[in-house]
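A.B. asks: Pasting a structure below so you can have a look.
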Amino acid sequence: QVRLVESGGGLVQSGGSLRLSCAASGTIFSIGTMDWYRQASGKQRELVATITSSGSTSYADSVKGRFTISRDNAKNTVYLQMNSLKPEDTAVYYCKARLSGVWGQGTLVTVSS
């Protein structure tokens, strides 16, 4: 079973940048399609970005042009580069392995105004 561990969250100022990492470990051979989700307090969890095993990406309209999802297969890691952050981006961010349905524990991103 794969285990996912997010890191890189923290407190940033509006307009700033942050890069999240999601490292896969355990009994795995490679990472397939990976998703980034986020959940703000009192809100429904939403899909933010997706990257397939072939490198195709997709984004929620709210983050297009600001966020970039990428992967490093040699490190079994997926990243989320977040630029031009807004207070509305404040949430706990989770990575998910699409095929297995395994979630990471989440990392908190707080954007101050």
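The values are calculated or read from the model by the stated rules, or taken from the named source; none is laboratory data. This is a predicted model, so every value here is computed, not measured. Methodologically, a virtual Cβ is constructed for each residue, glycine included, from the backbone with ideal geometry; neighbour enumeration extends over all protein chains shown. Quick note on the areas: whole protein, heavy atoms, side chains included, nothing else; ligands and nucleic acids left out. Shrake-Rupley method; radii C 1.70, N 1.55, O 1.52, S 1.80 Å.
A.B. asks: Can you pull out the strands (runs of 3 or more DSSP E) entirely within the range 1-79 that have at least 2 residues that are open to solvent by 20 Å² or more (accessible area, probe 1.4 Å) and β-branched (Val, Ile, Thr)?
C.D. replies: 2-7
A.B. asks: Is at least one residue of the range 82-98 within 15 Å of the chain's Cα centre (by Cα), assigned to a strand (DSSP E or B), of a type in the set (Phe, Trp, Tyr) and within 22 Å of residue 113 (Cα to Cα)?
C.D. replies: Yes, the range 82-98 has at least one match.
A.B. asks: Being in contact with a Phe, Trp or Tyr (Cβ under 7 Å, 6 or more places away or on another chain) and within 18 Å of residue 31 (Cα to Cα) is the filter; apply it to the range 84-105 and report the residue that is most open to solvent (accessible area, probe 1.4 Å).
C.D. replies: Initial filter on the range 84-105 (in contact with a Phe, Trp or Tyr (Cβ under 7 Å, 6 or more places away or on another chain)): 93-96, 103-104.
In the following step, the residues that additionally are within 18 Å of residue 31 (Cα to Cα) were identified as 94-96, 103-104.
Working: 94: 36, 95: 0, 96: 39, 103: 92, 104: 10 Å².
Result: 103.
A.B. asks: Any residue in the range 43-67 that is acidic (Asp, Glu) sitting within a Cβ distance under 8 Å of a residue that is part of a loop (DSSP other than H, G, I, E, B)? List the pairs, counting only those 6 or more apart or interchain.
C.D. replies: From the range 43-67, the pairs are 46/60.
A.B. asks: Under 6 Å between Cβ atoms, which residue pairs at least 6 apart in sequence (or on different chains) link something in the range 22-38 that is small (Gly, Ala, Ser) with a partner that is open to solvent by less than 10 Å² (accessible area, probe 1.4 Å) and in a loop (DSSP other than H, G, I, E, B)?
C.D. replies: Going by the 6 Å Cβ cut-off, there are no qualifying pairs.
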